[in-house]
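Computed from the coordinates by the stated procedures, all read-outs in this text should not be read as laboratory data. Note that the structure is a prediction, hence the values are computed from the model and not measured. Here Cβ is always computed from backbone atoms with ideal geometry, including for glycine, and neighbour counts include all displayed protein chains.
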Amino acid sequence: MTTEDSATDRAAGGTAGGAVDWDARVAAAWAGFEADPETDAAEFRALIDALAAELPAGSPAAPFERACAWDSTGHSDRAVPLYREALALGLDGYRGRRAKIQLSSSLRNIGQPEEGVKLLSPELVGVSDELDDAVRATLALCLASLGREREGLSLVLGALAPHLPRYQRSMANYARLLVEPEG
């Protein structure tokens, strides 16, 4: 069990089994929502609200899950304050990184991409995990919204290069050259 899992257990207010059960029910709600494009958005948000209400007051997971539900049903404006609340309550680890990515995307969607750039830029040098490419992709979108397409393209090419079967070194160099001064 990771530190984040332990924190989730404590946030869920019980034993490891209680948090695992809560996490499993949240995962099942999301799987159902993602599997059925006809899912009613309001009903889905109500389901997530009910699950979030099971957590103790002050749990950062509750506003995070609510933010995700609003965001995924097309309401970035409603998601932003909830992501901020989750982070202010100490959401960290994997969910904290997801919150930063999703908050940055939502900020871009509501016309505040500069805040997204400020939030995600430190993630480029932070802990590396499976979300690295999502950080770069979202940051690239924020940069493009600010007219900084070359920087965004550099990030995307840099993220793509390691996944290519060939041309990895070339693409990584092209990515670097997009933002380095000529000379």
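Here are a few things to note about the model shown:
- The range 52-94, residues that are within 20 Å of Val135 (Cβ to Cβ) and of a type in the set (Val, Ile, Thr): Val80
- Residue match in the range 146-155 (condition: over 20 Å from the mean Cα position of the chain (by Cα), farther than 29 Å from Asp71 by Cβ, part of a helix (DSSP H, G or I) and not aliphatic (A, V, I, L, M)): no
- The listed residue being among the polar types (S, T, N, Q) and closer than 21 Å to Ser154 by Cβ, out of Ser106, Ser128: Ser128
- Qualifying residue in the range 37-47 (condition: within 11 Å of the chain's Cα centre (by Cα), crowded, with 17+ Cβ neighbours inside 10 Å, of a type outside the set (Phe, Trp, Tyr) and more than 21 Å from Val20 (Cβ to Cβ)): no
- Scanning the range 62-87 for residues that are more than 21 Å from Thr39 (Cα to Cα) and in contact with a Lys or Arg (Cβ under 6 Å, 6 or more places away or on another chain) returns a single hit, Leu82.
- Within the range 34-57, the set of residues being closer than 19 Å to Arg78 by Cα and either touching a residue at least 24 places away in the same chain (Cβ under 8 Å) or among the hydrophobic types (A, V, I, L, M, F, W, C) (or both) comprises Ala41, Ala42, Phe44, Arg45, Ala46, Leu47, Ile48, Ala50, Leu51, Ala52, Ala53.
- Pick from the range 53-62, criterion among the aliphatic types (A, V, I, L, M) and not in a helix (DSSP H, G or I), ranking: nearest to the chain's Cα centre (by Cα): Leu55
- Residue match in the range 149-165 (condition: under 22 Å from Ile48 (Cα atoms), free of Cβ contacts under 8 Å to residues at least 40 places away in the same chain, crowded, with 17+ Cβ neighbours inside 10 Å and in contact with a Phe, Trp or Tyr (Cβ under 8 Å, 6 or more places away or on another chain)): no
- Looking only at the range 63-112, and only at residues there that are touching a residue at least 40 places away in the same chain (Cβ under 8 Å) and part of a helix (DSSP H, G or I), the one that is farthest from Ala137 (Cα to Cα): Gly93
- Qualifying residue in the range 164-172 (condition: under 30 Å from Asp40 (Cα atoms) and not in a helix (DSSP H, G or I)): no
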